[in-house]
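The next block holds one structure in the form of structure tokens; read it before the comments.
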Amino acid sequence: MLGCMRQSGSARGAAMIGAVVLLVSCRDGHTDPPPTVPPPPPCPIVASAGWKSTIGSDGRRPGGRIVVMAEVTFPSGGWRPVWGHFAQLDSAPPAAIVELGGYPTGGSFPVMQTVRGEWEASARIAAVTVKCGDVVLAQLRPTADDWTAPAANASVEGSGVQP
């Protein structure tokens, strides 16, 4: 890698090879620090409760469908809940992280809302963490919702963590 050199203008020009342009800024022999990444926006969810999670399987796939439900409270009316990224972790036992947030719409959405999200998993998920920005809203252990045995349908509440 080329460093910063103190040279005359003609020497600098001669150092350029072809059409290569270096996007390195030099100041006293040092490069500028990389730009900082702005912090994630704060979590608009001020409270949450009644977290439940199930995992269902039709017997044809090794994973299943994860379902997460809860009641969330926003700071004021007009906020719309939005489920974000679902990430299945390569861990033992398999786990997942899902993001939940919201954005103001100016509409007539109530302050407290029921949220429900569903995702396909490639493995039998044993734990789901629900995050809003840097805040962990819930850590859940999905119960089996076996589609081949309706009597086994059940949900277990998780521990809702209030921000």
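The values are calculated or read from the model by the stated rules, or taken from the named source; none is laboratory data. As the structure is a prediction and not an experimental result, all values here were calculated from the model. Please note: Cβ atoms are built from the backbone with ideal geometry, for glycine as well, and neighbour counts cover all protein chains shown.
Residues of region 129-143 being over 16 Å from residue 101 (Cα atoms) and buried (at least 20 other Cβ atoms within 10 Å of the Cβ), which ones?
140, 142
Just the residues that are closer than 21 Å to residue 51 by Cα and of a type outside the set (A, V, I, L, M), please, taken from region 104-127. Before you say what the answer is, go through the steps one by one.
Step one: of region 104-127, the residues closer than 21 Å to residue 51 by Cα are 109-121, 124-127.
Scanning region 104-127 gives 109, 110, 113, 114, 116, 117, 118, 119, 120, 124.
Looking at 76, 91, 57, which one is under 29 Å from residue 124 (Cα atoms), touching a residue at least 24 places away in the same chain (Cβ under 8 Å) and polar (S, T, N, Q)?
Numbers: 76 fails: under 29 Å from residue 124 (Cα atoms); 91 fails: touching a residue at least 24 places away in the same chain (Cβ under 8 Å).
Selected residue: 57, the only one of 76, 91, 57 that is under 29 Å from residue 124 (Cα atoms), touching a residue at least 24 places away in the same chain (Cβ under 8 Å) and polar (S, T, N, Q).
Select from region 118-163 the residues that are under 18 Å from residue 65 (Cα atoms), out of contact with any Gly (no Cβ under 9 Å at 6 or more places or on another chain) and either at pLDDT 95 or above or acidic (Asp, Glu) (or both) and list them in ascending order.
Within region 118-163, 118, 129 meet the criteria.
Can you report the number of residues in region 81-125 which are assigned to a strand (DSSP E or B) and exposed (fewer than 15 other Cβ atoms within 10 Å of the Cβ)?
Narrowing region 81-125 to residues assigned to a strand (DSSP E or B): 81-89, 95-104, 112-121.
So of that shortlist, the ones also exposed (fewer than 15 other Cβ atoms within 10 Å of the Cβ) come out as 82, 84-85, 87, 89, 103-104, 112, 114, 116, 118, 120.
Residues that pass the stated criteria total 12.
Among the residues of region 73-80, is there at least one that is of a type in the set (A, V, I, L, M, F, W, C), crowded, with 17+ Cβ neighbours inside 10 Å and at negative phi? Give the steps one after another, and end with the answer.
First, the residues of region 73-80 that are of a type in the set (A, V, I, L, M, F, W, C): 74, 79.
From the residues that got through so far, the ones that are crowded, with 17+ Cβ neighbours inside 10 Å too are 74, 79.
Next, only the ones that are at negative phi stay: 74, 79.
Yes, some residue in region 73-80 is of a type in the set (A, V, I, L, M, F, W, C), crowded, with 17+ Cβ neighbours inside 10 Å and at negative phi.
Quick check on region 71-92. Is at least one of its residues farther than 13 Å from residue 130 by Cα and touching an Asp or Glu at 6+ places or on another chain (Cβ under 8 Å)?
no
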